[in-house]
Amino acid sequence: MCLAVPGKILQINPLGRATVDMLGAQREVSLRLVPTAQVDDYVLVHAGFGIQVIDPAEAEETLRLVRELPDLFDEDLAQAEAVEERAAQAEPSLDDGGAA
């Protein structure tokens with residue numbers, strides 16, 4: 001899965017590269033695909049490129065969801081493990097006379 005993450009443009013150099021704050025980390029990205037982007041704009045960043053200027057409210061909502069991903073992944077993993085455990089308990093084994 002590929003994910004574009006919003007970043008806030010902190011500065012732009014004359015060559016069209018920008019320093020962008022992404023979840024507290026500063027990265028250098030190309031703005032060639034979004035030449036109208038300006039300092040303080042939010043851009044979606046994918047593979048080192050700003051690919052779209054987005055609304056600040058949309059950026060903040062997306063960042064909130066991205067911050068929740070580890071928690072959601074942990075919940076999904078716990079649910080998957082519980083399903084596997086129940087399935088393993090329901091399968092007959094050769095030791096208890098179940099058919100193979």
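The values are calculated or read from the model by the stated rules, or taken from the named source; none is laboratory data. Because the structure is predicted, anything quoted here is derived from the model rather than measured. Here Cβ is always computed from backbone atoms with ideal geometry, including for glycine, and neighbour counts include all displayed protein chains.
General remarks:
- Checked against the criterion of being more than 20 Å from GLN11 (Cα to Cα) and either surrounded by fewer than 11 Cβ atoms within 10 Å (Cβ to Cβ) or modelled with pLDDT of 80 or more (or both), the candidates ALA37, ALA59, ALA47, ALA88 yield just one match: ALA88.
- Residues of the range 16-25 that are over 18 Å from ILE54 (Cβ atoms) and at pLDDT below 95: GLY16, GLY24, ALA25.
- Scan of the range 3-34 for residues that are surrounded by 11 or more Cβ atoms within 10 Å (Cβ to Cβ) and on the phi > 0 side of the Ramachandran plot, ordered by number: GLY16, LEU23
- Taken as a whole, the range 21-34 holds at least one residue that is outside any strand (DSSP E or B), within 16 Å of the chain's Cα centre (by Cα) and not acidic (Asp, Glu).
- In a residue-by-residue description of the range 69-84, the property of being under 18 Å from ALA4 (Cα atoms), out of contact with any helix residue (DSSP H, G or I) (no Cβ under 9 Å at 6 or more places or on another chain), modelled with pLDDT of 75 or more and surrounded by 10 or more Cβ atoms within 10 Å (Cβ to Cβ) applies to at least one position.
- Output for the range 1-39, where each listed residue is among the acidic types (Asp, Glu) and closer than 21 Å to LEU65 by Cα: ASP21
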